[in-house]
Structures are given as C-alpha cells and as structure tokens.
1. Got at least one residue in the stretch 13-25 being at pLDDT below 95, loosely packed, with under 12 Cβ neighbours inside 10 Å and either of a type outside the set (D, E, K, R) or at negative phi (or both)?
2. Within the set of pairs 6+ apart or on separate chains, which have a first residue in the stretch 35-53 that is without any contact (Cβ under 8 Å) to a residue 60 or more places away in the chain and closer than 14 Å to residue 19 by Cβ, a second that is among the β-branched types (Val, Ile, Thr) and in a strand (DSSP E or B), and C-beta atoms under 6 Å apart?
Amino acid sequence: MLNATWDYEKELIMSTTGEKPGIGTYTCTKCGETVTLDDNTDTLPPCPRCHGTDYRP
C-alpha cells in the first residue's frame with residue numbers, strides 16, 4: 001500500500017490576480033480578505049488589504 005500525505009490546501013483550485021475565474025467570492029490566501037466578482041469578465045485585483053495575489057474559491 002502506498003503511503004501518501006494529502007495537502008488539502010494545495011489541492012484547492014487557486015486563482016491569481018489578473019485571472020478571470022468567474023462570478024463568485026474569492027478569499028486571499030495570505031490574509032483572508034474576500035473579493036467578490038459580479039461578472040464573468042471581471043478580473044481578480046490584488047488583495048485590497050495586503051496586496052496578495054493568490055486566492056481560493
């Protein structure tokens with residue numbers, strides 16, 4: 001049997017500043033601030049609180 005460790009955080013689909021991930025609320029992986037996109041053409045901005053660039057859904 002293979003003994004593997006699964007890192008849940010790394011397996012989540014991540015989005016980065018400048019991407020257009022679609023309508024929804026995204027949480028900054030650095031500070032937890034949320035950003036809501038209201039249209040499929042909206043791009044993720046840098047985090048308004050910490051200027052982080054990585055988000056999770």
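The values are calculated or read from the model by the stated rules, or taken from the named source; none is laboratory data. All of these numbers come straight from a predicted model, not from anything done at the bench. Here the Cβ is made from the backbone with ideal geometry for all residues, glycine too, and neighbour counts use every protein chain on show.
1. Yes.
2. Short answer, once both residue conditions are applied: 53/16.
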